[in-house]
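Comments concern the structure below.
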Amino acid sequence: MTLPHIAAFASIEYRLSAHPGYPQSSDHTDPTEYRNAKHPDHIRDAQAALALLQRKYGFGTKYILVGHSAGATLAFQSVMGSFRDSAAVVVVPPPAAILGMAGIYDLRLLRDTHRNISAYQEFIEGAFGADEAMWNAASPACVKDTDGVDGGWTSGRLAVLAHSPEDGLVDAAQQQAMQAALRRWKDSTPQGSGQRRVEMLSLKGDHDDAWVKGEELARAIAHTLAELRI
């Protein structure tokens, strides 16, 4: 009985960073396909899309923000105080719930866990630069208090962290790190504002399976909506 409670779906795109193994030429690449984004371009694109949707449909906080992998990073970045308070941002109502699927929440931890695979260092540097302090400032699991999720997502009600034990690219340590950060968010609930909840959801399949095949994505969204209605 999920569909009667869903008015619409919207899919948000954002510019991509350069791939170290697949260089492009700006002279021969369609501008819409050219990968040259650098942090914070990605989160600014996501925020601009949310602002556009809000202007057109005016749904306020009555939505669930879903992100997979780097999209889950962006979903939680969107409610961090440091990214909501910038003068360059049109502040939009935050979601009632966030569903992070196979998410990347601590960039340095991800690199350290996979130090023997150079691609992790390369893709993080490609998007965030070589300064690891920038990595920490962009990682939802690392930033605390006013600048973090606990300071920026004051009206949030539910966070769901979904991960598959079969995921070969993003390990369970990412989910655990974000769970610890969300525990701070949960414990900082203002008195009388209602209970905040954090839920773990186990997925099946490899890293991209949930998004590509769709069944696990649909199950995770249905689960999040059901938990939000409790």
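The values are calculated or read from the model by the stated rules, or taken from the named source; none is laboratory data. This structure is a prediction, so every number in the text was calculated from the model and none was measured. Cβ placement follows ideal geometry from the backbone for every residue including glycine, while neighbour counts extend to all protein chains displayed. Only protein heavy atoms, including side chains, enter the accessible area calculation; ligands, DNA and RNA are left aside. Shrake-Rupley method; radii C 1.70, N 1.55, O 1.52, S 1.80 Å.
Side notes on the structure shown:
- Taking the numbered list (1) at pLDDT below 95; (2) of a type in the set (A, V, I, L, M); (3) within 23 Å of residue 212 (Cβ to Cβ) in turn, residue 162 passes all entries but (1).
- Here residue 164 meets the list (1) open to solvent by 20 Å² or more (accessible area, probe 1.4 Å); (2) closer than 24 Å to residue 226 by Cα almost entirely, failing just condition (1).
- Some residue of the stretch 34-51 being without any contact (Cβ under 8 Å) to a residue 60 or more places away in the chain, touching a helix residue (DSSP H, G or I) at 6+ places or on another chain (Cβ under 9 Å) and under 22 Å from residue 229 (Cα atoms): no
- If you go through the stretch 184-200 and keep only what is hydrophobic (A, V, I, L, M, F, W, C) and touching a helix residue (DSSP H, G or I) at 6+ places or on another chain (Cβ under 6 Å), you end up with 185, 198.
- Any hit, the stretch 131-150, residues being touching a residue at least 60 places away in the same chain (Cβ under 8 Å), in contact with a strand residue (DSSP E or B) (Cβ under 9 Å, 6 or more places away or on another chain) and over 27 Å from residue 36 (Cβ atoms): yes
Residues checked against (1) among the aliphatic types (A, V, I, L, M); (2) within 17 Å of the chain's Cα centre (by Cα); (3) crowded, with 17+ Cβ neighbours inside 10 Å:
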| residue | (1), (2), (3) |
| --- | --- |
| 6 | yes, no, no |
| 48 | yes, yes, no |
| 62 | no, no, no |
| 70 | yes, yes, yes |
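- Restricted to the stretch 72-129, and to residues there that are part of a helix (DSSP H, G or I) and among the hydroxyl-bearing types (Ser, Thr, Tyr), the residue that is farthest from the chain's Cα centre (by Cα) is 118.
- The set of residues in the stretch 198-211 being out of contact with any Gly (no Cβ under 9 Å at 6 or more places or on another chain) and either at pLDDT below 95 or of a type in the set (Phe, Trp, Tyr) (or both) consists of 210 alone.
- When the stretch 8-32 is filtered for residues that are open to solvent by 100 Å² or more (accessible area, probe 1.4 Å) and among the polar types (S, T, N, Q), the ones remaining, listed by number, are 11, 32.
- When restricted to residues that are part of a loop (DSSP other than H, G, I, E, B) and open to solvent by less than 30 Å² (accessible area, probe 1.4 Å), the stretch 33-46 contains 1.
- Candidates are the residues of the stretch 167-182 that are in contact (Cβ under 8 Å) with a residue 24 or more places away in the chain and in contact with a strand residue (DSSP E or B) (Cβ under 7 Å, 6 or more places away or on another chain); the one that is surrounded by the fewest Cβ atoms within 10 Å (Cβ to Cβ) is 175.
- Of the listed requirements (1) among the charged types (D, E, K, R); (2) crowded, with 18+ Cβ neighbours inside 10 Å; (3) modelled with pLDDT of 95 or more; (4) over 19 Å from residue 164 (Cα atoms), residue 84 misses just one: (3).
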